[in-house]
Structures are given as structure tokens and as C-alpha cells.
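Please read the structure below before turning to the comments.
The values are calculated or read from the model by the stated rules, or taken from the named source; none is laboratory data. Keep in mind that what you see is a predicted model, and the values were worked out from it rather than measured. Reconstructed Cβ throughout: ideal geometry from the backbone, glycine too, with neighbour counts over all protein chains shown. Note: accessible area is taken over every heavy atom of the protein model, side chains too, but ligands, DNA and RNA are not part of it. Shrake-Rupley method; radii C 1.70, N 1.55, O 1.52, S 1.80 Å.
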Amino acid sequence: MAQVPLRDAGVFSREVQRLRDPTSGITRLVITYAADGKLDVADAGSGSIIDLVPRFTSDSIVYVVLAVQPEGEGGYTMPKFIFLSWSGPHVAPMKRARSTPHRLELYDKINALINLSGEIQFTDTAEISDRVLLTKLKATKAEGSSPSKMVSAPSSSGSHALKLVDPADFEKHMRGLVTALPLPGAGDWILLSYVGDALSIVNTGHGGFSEVVNHLHEDQASFVVMKVVLVDAAATSSDDISYRTHKNIFLSWVGPNVKPVPRAKSSQHRVPLYQAIGVYMPMHGEVQAMQKEDVSDAILNKITKGKAISSNEPKAKGVSHSPSSLGGKSGTAKSIDVR
């Protein structure tokens, strides 16, 4: 994982540990990126989370460590420490991508100093209030010490609730994909399929869509996370590194021979799984496919204005801009641009 660029690790550690001292008067730390790209403690103080809203601008990335005291049994209050992350809607894509591994490592560093109860990610200032914070806190399990614990509560319930065979293995592979550097003309991918009623990582590779298609079965529902290399149209050649960028793509596959019950189950799991993966990395689009000919590099042209280095095929058809829409006829790939 990329080394988190702290301005001063010693000062950072002291400020975090002050949160544990009830006599310090400190109940929150605000951590932001300086102009040189280093993370620094921008504020150490107290007050409501509402006071921080002016810091959550549309082009900023902000991390907050907050000490809160939800009321316990018998009126007893026990402080809990929560990690909050804000990434504005207008943050540059490259800056957002670089911040993802920083966020994960920053959480781990803070958790080593004080016991964090979980992470809450905000993307809309309308969601930010003390009431919303306490509501989310009640839904957060204090038994874990990783941002992935927030993954265990996607909005899926009942008999078709999203389950992972091995959450730790899921986290390990997602973290690995964050720092992966796919070769030009390829893409690193992770394939999840059902083992009973739960999803498990069953295969990984580095050969892009042309490789992963060989692992999709017509009688199974599966999901693929892929990190691909793209090159901007302004580049003069595929060797022009300055024009390269990475995109993280989510592919949901429902083979033509999948029976109605597993088809319905995979449909309910699609959005929660997408959100769970989004805890670890920014996602740039979803592709839904029901025929193998739909799975090719051509679909990337509908997800980004960039061009896949590996793509020499015509553009795919069928685009929806609603991340919750499914629809589409069998044999037609749909891409959902969620940038």
C-alpha cells in the first residue's frame, strides 16, 4: 500500500492520542491535504460536526477523527471514536484515486493509536448532522477495527442479504487491487461467484476482459471488479505515460441459463456489492452482461472519454446513467456511468 504522506508523523500521533485524554478538551481532529500533497492536522478542537461543514467543499478531500458519546444503558456515556471521510463531487479523478490508498492506511494508523469504532463516508453535506451521525454510529459494529466493517451493512436485507464467504479475503483482494498497476493492453481483475448463498473470490487475473470472459459460465451469476489502463485521446502513443489513467470497472454477469431464483438473488446483491467495493476504491462505472460477446474492451468507451489501450473494437451500445437501473434485453450489455 502507498505510504500515507504525513507532514509530521510525531505531531500526528500526539494529536490523535490527545483525543483519548478527557482533560484535553479535544473531541475532533481535521486532517487535510496541503498544497504540496502532504496530510496535516488542520484543526484540533471541539464542537458539533455541523461546524465542519464549511470545510467540506465540492473540490476537497477531508478526514475527521471524532470522539462521540452516544448514551448507553442507564444513562452512562462511553466515548467512541469514528473516522469520517469526505470526498467532494468535483475532486479531480487522479487526486481521488491517489487518496483511496491514503484513506485506508490513515485509518489503520489512527486505529493503532486509538480504537476506532468504524468509518462513515459522506458525499453530500445534506447528510451531515449530529442526528445522522448518531444514527449511523448505532448501525456501526464496534467489534471490528477496519473500514471494511462498514461493508457489512449494505442496504440489503432478508433471505437475500449480501453475504461474503470470507470478508477478510475480500478485504485483502480489494486492497491489493487499489495498489495494482495493470500492464498496458490488459487489466487486473477479481471474479466473485456464489458458493451456496454467499459470494466468494474464485479467481483473479491480469489479462483484461479477453481473459475474464473464459471464466464466466452460462448457468451462473458472477461479478467482476477490474482495474484497467486508459490513455487519453491526446496521447501520441500508448507509451505516453503522462496521459495514462486507471479506471475501476464493475461487471455483473448473469448467464442466459441462470434460473429465476439465483437471477433475482444476484439482482438484489448487485448494488450492495458495488457499494461495498466502493469503500476501497473509486468506481467509474458498471457493465451488465448476459452474453459473452458483450464482454469486451469496447464497453470501456461508454464509461469514459478515454480509450482503452487494449481496445481496437467498435464502441458498445446501450448506456444508462442510473446506477440502480437494471433492465435491458438479453444479449445487450449496459454500462452505467457513475462518475
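With each label modelled as a point 7 angstrom along the Cα→C-beta vector, the Asp166-Asp197 pair spans 2.2 nm. Measuring between their Cα centroids, the range 1-56 and the range 106-121 lie 12 Å from each other.
Mind checking the full-extension length gain between Arg7 and Ala112? Use 0.36 nm per residue of separation minus the Cα-Cα distance, one decimal, nm.
Between Arg7 and Ala112, full extension yields 36.0 nm more.
Taking 0.36 nm per residue of separation and subtracting the Cα-Cα distance, full extension of the segment from Ala126 to Glu211 would add 26.3 nm.
For the range 255-268, putting each phi into the Karplus relation 6.51 cos²θ - 1.76 cosθ + 1.60 with θ = phi - 60° gives couplings of x, x, 9, 6, 6, x, 5, x, 5, 5, 4, 5, 5, 6 Hz, in residue order, rounded to whole numbers and with x for Gly and Pro.
Relative to the current alpha-carbon distance between Ala92 and Ser58, full extension at 0.36 nm per residue lengthens the span by 11.2 nm. Projecting label points 7 angstrom from Cα along Cα→Cβ for Arg263 and Lys38 puts them 5.8 nm apart. When all protein chains stay in place and ligands, DNA and RNA are ignored, the 1.4 Å accessible-area order of Ser46, Ser87, largest first, is Ser46, Ser87.
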